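The numbers here are math on the coordinates, done by the rules we state, and not lab data. What you are looking at is a predicted structure, and each value in this text was computed from that prediction instead of being measured. Please note: Cβ atoms are built from the backbone with ideal geometry, for glycine as well, and neighbour counts cover all protein chains shown.
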Amino acid sequence: MTGHAAGALALLGAALLLLNLVTVVAYAVDKRAARRARRRVPERTLLTLGLLGGWPGAQVARHALRHKTRKASFRRAHRATVVVNVVVVAGLVALALAVGR
């Protein structure tokens, strides 16, 4: 791996870490708002954060906070974001391996 590629991977990793932290915070804010009957974080926002790569943080937050675990339509949508991310990453890995030959 070249220095440029390693730097790009490090930057991507840092961005994903930050995105996952933001996702956990968004779920925590939504959980707190739900308990206090206040304005909530839109489900679309939570799902978008997951779709952009924050799905591991969403998964951790959902289970640690016991939040958004009962609503079937949200669970299905969350699972879809995970599947999309896995498919995209698998495609990128396959592409990288093909280019590397």
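A few comments on the model shown:
- Exclusive hit being closer than 30 Å to Gly100 by Cα, buried (at least 18 other Cβ atoms within 10 Å of the Cβ) and of a type in the set (Ser, Thr, Tyr), set Thr23, Thr2, Thr81: Thr81
- Any hit, region 42-57, residues being surrounded by fewer than 13 Cβ atoms within 10 Å (Cβ to Cβ) and over 22 Å from Ala15 (Cα atoms): yes
- Subset of region 29-46 [under 18 Å from Arg66 (Cβ atoms) and in contact with a helix residue (DSSP H, G or I) (Cβ under 8 Å, 6 or more places away or on another chain)]: Asp30, Lys31, Arg40, Val41, Glu43, Leu46
- Among residues of region 54-71 that are in contact (Cβ under 8 Å) with a residue 60 or more places away in the chain and farther than 14 Å from Leu18 by Cα, none has a beta-carbon under 7 Å from a residue that is of a type in the set (Val, Ile, Thr) and surrounded by 21 or more Cβ atoms within 10 Å (Cβ to Cβ) at least six positions away or on a different chain.
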